Amino acid sequence: MTAPFETPLDVWIGRATRDLSLTSAAQVRAEIQEHFESAREAAIGAGSSPADADHAAVAALGDPRAANCEYRKVLLTSAEAKMLRDGNWETRAVCARPWVKTLMQTVPAIPLTVAFVMMSRGATAEARLPFLFSVALFVFLAAPFLPVYTPVRARVYRVVKWVTLLALFGLMFGADTLKYSWLVATCLWVPFWTESTRMSIRRKLPVAQWPKQLYL
């Protein structure tokens, strides 16, 4: 089967839209096609042949790799679009199952109960870890049901979330925190990558288009 013929413009657009989401790539293609046609008509009007005008119009677009870098700063990438789709699916799955919502809201009470029992028996110092673990579970599991869906409240929530997470590791390892920093980094890598990706998405989308997951 013969491969479809690719024009120089197709090659340019393919390189410029690498790793962009389908919606972003379609937006870029429409914009570049318009610029290409305008430059091509100008070249033909200046006396160039159609073939020469095509090459001149593509050359006027510049370096597609440099364009790709700029597009990825302002348009959603395929990885970011996938994170949004997966997060929206998880939200719908939780909302469709009331027992999951109840479980997420009640699980933090388990280590909290353990902490209270330990404190009642005089083990106050040892009770700090299950207490903070309970707070961490609450921050992560109950957050979707809290009124944090404004930019300011969401920013406060994210600060509390990361402070709680770091404090949990600090209490867990105590004076040996630096010694086990490799383990802390390993545990925090996925949450950090998720948060950095969400930060990128927040910069690219207007607040009115944020799904709930971007507030958390």
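See the values below:
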{"read-out": "Candidate set: segment 155-195, residues that are among the basic types (Lys, Arg) and part of a helix (DSSP H, G or I); chosen: the one modelled with the lowest pLDDT", "value": "Lys161"}
{"read-out": "Selection from segment 21-46 of residues that are of a type in the set (A, V, I, L, M, F, W, C) and assigned to a helix (DSSP H, G or I)", "value": "Leu22, Ala25, Ala26, Val28, Ala30, Ile32, Phe36, Ala39, Ala42, Ala43, Ile44"}
{"read-out": "Positions within segment 98-112 being free of Cβ contacts under 8 Å to residues at least 24 places away in the same chain and either open to solvent by less than 40 Å² (accessible area, probe 1.4 Å) or of a type in the set (S, T, N, Q) (or both), in sequence order", "value": "Val100, Thr102, Thr106"}
{"read-out": "Residue identified as surrounded by 13 or more Cβ atoms within 10 Å (Cβ to Cβ) and not assigned by TED's automatic domain parsing to the domain that holds Thr194 among Ala115, Ala57, Ala143, Ala154", "value": "Ala57"}
{"read-out": "Those helices (runs of 4 or more DSSP H) lying entirely in segment 49-123 with at least 2 residues modelled with pLDDT under 85", "value": "78-95, 98-106"}
{"read-out": "Of all residues making up segment 21-37, the number that are open to solvent by 70 Å² or more (accessible area, probe 1.4 Å) and hydroxyl-bearing (Ser, Thr, Tyr)", "value": "1"}
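The values are calculated or read from the model by the stated rules, or taken from the named source; none is laboratory data. Here the structure is a predicted model, which means the values were calculated and not measured. Cβ atoms come from the backbone with ideal geometry, glycine included; neighbour counts cover every protein chain shown. Note: accessible area is taken over every heavy atom of the protein model, side chains too, but ligands, DNA and RNA are not part of it. Shrake-Rupley method; radii C 1.70, N 1.55, O 1.52, S 1.80 Å.
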